[in-house]
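The values are calculated or read from the model by the stated rules, or taken from the named source; none is laboratory data. Since the structure is predicted, the reported quantities are computational estimates derived from the model, not experimental observations. Here the Cβ positions follow ideal geometry from the backbone for every residue, glycine too, while neighbour counts run over all protein chains shown. Surface accessibility is based on the protein's heavy atoms, side chains included, excluding ligands, DNA and RNA. Shrake-Rupley method; radii C 1.70, N 1.55, O 1.52, S 1.80 Å.
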Amino acid sequence: MSKIAFIGLGNMGSGMCMNLAKAGLDVHAFDLNPDAVAKVVSAGVTSHENVTAAARDADIVITMLPAGAHVRSVYLGEAGIAECVSENALFIDCSTISVDDARSISADLSVKNLNMVDAPVSGGTAAANVGSLTFMVGGEDKNFARAKVYLEAMGKNIFHAGGIGNGQVAKLANNMLLGISMIATSEAFKLAEKLGLDAQTFFDISSKASGQNWSMTSYCPAPGPVPAAPSNNEYKPGFAVDMMLKDLRLAQNAANSVGAKVTFGKMAEETYARLSENGLGGLDFSSVIEQLN
Ligand code: NAD
């Protein structure tokens, strides 16, 4: 059986790692936080005291880390695991990182004859825990086919977006659209309310009319119409303002790198940055509605 090394057992990684083990796979895990490592052992994951021990002779490496610098350091840094994995190892990075980082890390691995796909996810911790994530994968056909087997143990929808980095392109373009649509939906609810139309009535009409969108029907920022939405739970995340801000900044940087004009993406970034600066970064991103007058 292939040996899988899983690095990064935070909010997302712990559930993903445990789902691999529950599928009967041979999973070896490491995180800088010992409590996070202890948590996954109950699911049948083998824990390790350092990253090298977890990755030694691994055939598959899966990472779920905060940002590109962490991924580069774990793969290629001083204690980089590229030196200790098996000869034909495949690196599957599920973190959200920049397109440039994904492409340059992959290029540096290929010098060592190692393969990589970028496979960022859509869906929050709930989807990570129950194994219903959506994966957007960039990489060569043969690497995608090999990665898919493992991604299927952690997700429901696995898309091949093209060459290396294209998973991140899909992710940041999608999340930029989400950030914009949440603000636009919030503005519409606020306008309706100020003009005398209550949230439920506006929802009933607009969710069946041309303004209908995911931010409204699945994640309504106004309390009431969608019972499971964070708006009915004091805007506890969900998907926090600071996570949205991270993705909008990645989208801005990527847009600047190719001269793409993303005016509304920029406005969304500035809006969420203001929330974060005001100490609201830990609230769900749909709380933006509370800041509109
Ligand atoms: P997190 O901060 O909860 O987890 C990251 C984990 O990585 C931490 O446990 C940390 O200790 C560990 N780590 C950091 N450096 C390490 C190293 N050198 N070696 C080993 N472990 C190390 O973050 P998260 O919410 O799980 O998010 C992970 C990634 O998934 C991010 O890139 C994020 O943007 C993306 N993402 C998150 C969500 C979400 O809802 N939380 C949704 C989609 C995508």
Per the filter on segment 148-157, residues out of contact with any Phe, Trp or Tyr (no Cβ under 7 Å at 6 or more places or on another chain) and in a helix (DSSP H, G or I) are Lys148, Val149, Tyr150
Worksheet entry | Condition met for Phe285 (buried (at least 22 other Cβ atoms within 10 Å of the Cβ), hydrophobic (A, V, I, L, M, F, W, C) and either in contact with a Cys (Cβ under 8 Å, 6 or more places away or on another chain) or within 23 Å of Lys194 (Cβ to Cβ) (or both)) | yes
I'd like to check something: does segment 100-120 contain any residue that is within 20 Å of Gly24 (Cβ to Cβ), more than 9 Å from the ligand (Cβ to nearest atom) and surrounded by 17 or more Cβ atoms within 10 Å (Cβ to Cβ)? no
- Kindly indicate whether any position in segment 222-243 is surrounded by 15 or more Cβ atoms within 10 Å (Cβ to Cβ) and under 14 Å from Ile180 (Cβ atoms). no
Every listed condition ((1) surrounded by 24 or more Cβ atoms within 10 Å (Cβ to Cβ); (2) touching a Gly at 6+ places or on another chain (Cβ under 9 Å)) holds for Ser132 save (1)
Checklist line | Any hit, segment 236-256, residues being on the phi < 0 side of the Ramachandran plot, away from the ligand (no atom under 16 Å from the Cβ) and under 20 Å from the mean Cα position of the chain (by Cα) | finding: yes
Selection over segment 21-40 where residues are within 15 Å of the ligand (Cβ to nearest atom) and not in a strand (DSSP E or B) yields a count of 10
Of (1) open to solvent by 10 Å² or more (accessible area, probe 1.4 Å); (2) within 14 Å of the ligand (Cβ to nearest atom); (3) outside any loop (DSSP other than H, G, I, E, B), Ala145 fails just (2)
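Listed here are the residues, each with its yes/no results for (1) under 19 Å from the mean Cα position of the chain (by Cα); (2) in a helix (DSSP H, G or I); (3) free of Cβ contacts under 8 Å to residues at least 60 places away in the same chain.
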residue	(1), (2), (3)
Val71	yes, yes, yes
Thr96	yes, no, no
Ala126	yes, yes, yes
Thr134	yes, no, yes
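So, of the residues in segment 173-183 that are open to solvent by 20 Å² or more (accessible area, probe 1.4 Å) and in contact (Cβ under 8 Å) with a residue 12 or more places away in the chain, which turns out to be nearest to Tyr235 (Cα to Cα)? Lay out the reasoning, then the answer.
Residues of segment 173-183 that are open to solvent by 20 Å² or more (accessible area, probe 1.4 Å), as a first pass: 173-174, 176-178, 180-181, 183.
Next cut, in contact (Cβ under 8 Å) with a residue 12 or more places away in the chain only: 173-174, 176, 178, 180-181, 183.
Numbers: Ala173: 24, Asn174: 22, Met176: 20, Leu178: 17, Ile180: 18, Ser181: 17, Ile183: 15 Å.
Across segment 173-183, the extreme among qualifying residues is Ile183.
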Residue hits (segment 29-44; β-branched (Val, Ile, Thr) and either closer than 13 Å to Val74 by Cβ or open to solvent by 60 Å² or more (accessible area, probe 1.4 Å) (or both)) are Val41
*asked:* I'd like to know if segment 45-65 contains one or more residues that are more than 14 Å from the ligand (Cβ to nearest atom), surrounded by fewer than 20 Cβ atoms within 10 Å (Cβ to Cβ) and under 23 Å from Val130 (Cα atoms).
replied: yes
Going through segment 266-282 in order, the residues found to be open to solvent by 30 Å² or more (accessible area, probe 1.4 Å), over 16 Å from Ser181 (Cα atoms) and assigned to a helix (DSSP H, G or I) are Arg274, Ser276, Glu277, Asn278, Gly279, Leu280
Flagged pairs (Cβ under 7 angstrom, 6 or more apart or on separate chains; first in segment 148-160, open to solvent by 90 Å² or more (accessible area, probe 1.4 Å); second modelled with pLDDT of 95 or more and assigned to a loop (DSSP other than H, G, I, E, B)) are Lys156/Ser132
When every residue in segment 10-44 that is closer than 18 Å to Ser132 by Cα and among the polar types (S, T, N, Q) is compared, the one nearest to the chain's Cα centre (by Cα) is Asn11
Glu78 passes all but one of the listed conditions (1) within 14 Å of the ligand (Cβ to nearest atom); (2) assigned to a helix (DSSP H, G or I); (3) surrounded by fewer than 17 Cβ atoms within 10 Å (Cβ to Cβ); (4) acidic (Asp, Glu); the exception is number (2)
